[in-house]
Amino acid sequence: MHSIPCRIHNCHHCCIETEMLLIKSDIKRIQTKLGISPVKFVYQTEEGHWMLRNKTFNGEKICFFLQRDGLCSIYDFRPEGCQFYPCIWDLDSHKVVSDDYCPHFDEFVCDENLNKSLELFILKLFGKL
Ligand code: SF4
Ligand code: SF4
């Protein structure tokens, strides 16, 4: 199903000039569901991570999967990082925080209940799992 990335806030701010990192299972899932080559929607950063591609729309860079109407075209199988966001794992403090790039960051519950799942996500991201 296509959906606005944030149903509560009717927002897609974090899908503009996205720097969302993907884990291997994200890439496999999206590739299988859409039947398209991963090179179309991800690229490898200098650090070796896989990052969502942006496309240009009206002079603006937006996520490859963000539609012109502001909906995410892969909402039901979007990357894990998109599902967690704005909750992120802070590598310095080793805890879950809410990213203040999100205009509604203080309205999300990003607490220790997410520790395990976000830590697991980071381990996968760094190829430790
Ligand atoms: S995959 Fe969807 S939710 Fe994630 S950045 Fe792209 S448009 Fe936004
Ligand atoms: S996580 Fe924040 S920035 Fe992203 S769509 Fe939701 S409200 Fe907007």
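Which cross-chain or sequence-distant (5 or more) residues have an amide H under 5 Å from the amide H of VAL42, H modelled 1.01 Å from N in plane?
ARG53
Restricting attention to the chain, give the cysteines that have no other cysteine Cβ less than 4.7 angstrom from their Cβ.
CYS14, CYS72, CYS82, CYS102 - these cysteines have no disulfide-compatible partner (Cβ-Cβ under 4.7 Å) in the chain.
Kirkwood Rh over Cα pairs of the chain into Stokes-Einstein at 4 °C, 1.567 mPa s: D in µm²/s? List each step's numbers first, then the result.
Working: Rh = 15.3 Å.
Rounded, D is 85 µm²/s.
Which order do the peptides 102-114, 9-21 come out in when sorted by mean C-beta neighbours inside 10 angstrom, highest first? The partial results should precede the final answer.
Working: 102-114: 13.8, 9-21: 16.6.
Final packing ranking: 9-21, 102-114.
Per-residue HN-Hα couplings for the range 31-42, Karplus 6.51 cos²θ - 1.76 cosθ + 1.60 at θ = phi - 60°, whole Hz, x for Gly and Pro?
Here the 3J(HN,Hα) series is 4, 5, 5, 9, x, 10, 5, x, 4, 6, 10, 9 Hz.
For the pair ASP106/ARG7, report the inter-label distance in nm, with labels modelled 7 Å from Cα in the Cβ direction.
Going from the ASP106 label point to the ARG7 one covers 2.6 nm.
Short version: ³J(HN,Hα) in whole Hz for each residue of the range 111-120, in order, from phi by Karplus 6.51 cos²θ - 1.76 cosθ + 1.60 (θ = phi - 60°), x for Gly and Pro, what are they?
10, 4, 5, 9, 3, 5, 5, 6, 5, 4
Give me, ordered by chain and number, the residues 5 or more places off CYS11 or on other chains with an amide H under 5 Å from its own placed amide H.
Answer set, sorted by chain and number: CYS6.
Longest segment of the chain with no trypsin sites (Lys or Arg not before Pro) in a DSSP loop having at most 14 other Cβ atoms within 10 Å?
On the way: sites that count: ARG7, ARG68, LYS128.
Looking at the chain, 8-67 is the longest stretch - no exposed trypsin sites (Lys or Arg not before Pro) with at most 14 other Cβ atoms within 10 Å.
For the range 8-23, what does the Karplus curve 6.51 cos²θ - 1.76 cosθ + 1.60, with θ = phi - 60°, yield as ³J(HN,Hα) per residue in whole Hz, taken in order and with x for Gly and Pro?
For the range 8-23, the Karplus curve yields 5, 9, 6, 10, 9, 3, 6, 9, 8, 6, 5, 10, 5, 8, 10, 9 Hz.
Straight-line reach from LYS128: which lysines fall under 20 Å, measuring Cα to Cα and dropping same-chain residues less than 8 apart?
LYS24, LYS28, LYS95, LYS116
Could you give the size of the charge dipole of the chain about its Cα centre, using +1 on the Cβ of each K and R and -1 on the Cβ of each D and E, expressed in debye and rounded to the nearest 20?
Details: 15 positive and 18 negative charges, 180 e Å.
I would put it at about 860 debye.
Suppose each label sits 7 Å from its Cα in the direction of the beta carbon; what would the GLU17-GLU119 distance come out to in nanometres?
3.4 nm
Report, in debye and to the nearest 20, how large the dipole of the range 1-57 comes out about its Cα centre when Lys and Arg carry +1 and Asp and Glu carry -1 on their Cβ.
Working: 8 positive and 5 negative charges, 80 e Å.
Using Cβ point charges on Lys, Arg, Asp and Glu, the range 1-57 gives about 380 debye.
Bear in mind these aren't lab numbers, they're just calculated from the coordinates by the rules spelled out. This structure is a prediction, so every number in the text was calculated from the model and none was measured. Glycine gets a Cβ as well: all are built from the backbone with ideal geometry, and neighbour counts include every protein chain shown.
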